[in-house]
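The values are calculated or read from the model by the stated rules, or taken from the named source; none is laboratory data. What you see is a predicted model; the values in this text were computed from it and never measured. Note that we place each Cβ from the backbone using ideal geometry, even for glycine, and neighbour counts take in every protein chain shown.
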Amino acid sequence: MNPEDVKTLLENALSECQIQVERDGSHFNIVAIGDLFEGKRAVQRQQIVYAALNEQISSGAIHAVNMKTFTHHEWEHRA
């Protein structure tokens, strides 16, 4: 899979989020920004993103994922 494919999958599943995807070898680096992460712990946020990619991860189309998730407020105020 290429980064554009992963971005499309995430945008379809997490329509209210801004998504950035980069590929580093067999790893995908994902940044997801959306208010649906408000009040959720890091693990819960990761589960939301993984759920959108579960089929591709299970099939081996996606080997590894690194992700960072932010609310809009967190994104605007990150250091």
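Odds and ends about this structure:
- Of all the residues in region 39-79, those that are part of a helix (DSSP H, G or I), of a type in the set (V, I, T) and at pLDDT 95 or above number 3.
- The set of residues in region 39-79 being exposed (fewer than 15 other Cβ atoms within 10 Å of the Cβ), in contact (Cβ under 8 Å) with a residue 12 or more places away in the chain and hydroxyl-bearing (S, T, Y) consists of Y50 alone.
- Residue selected from region 20-38 under the condition of a type in the set (D, E) and more than 12 Å from the chain's Cα centre (by Cα), by the criterion modelled with the lowest pLDDT: D24
- Restricting attention to region 9-38, the residues that are surrounded by 14 or more Cβ atoms within 10 Å (Cβ to Cβ) and either in a helix (DSSP H, G or I) or hydroxyl-bearing (S, T, Y) (or both) total 6.
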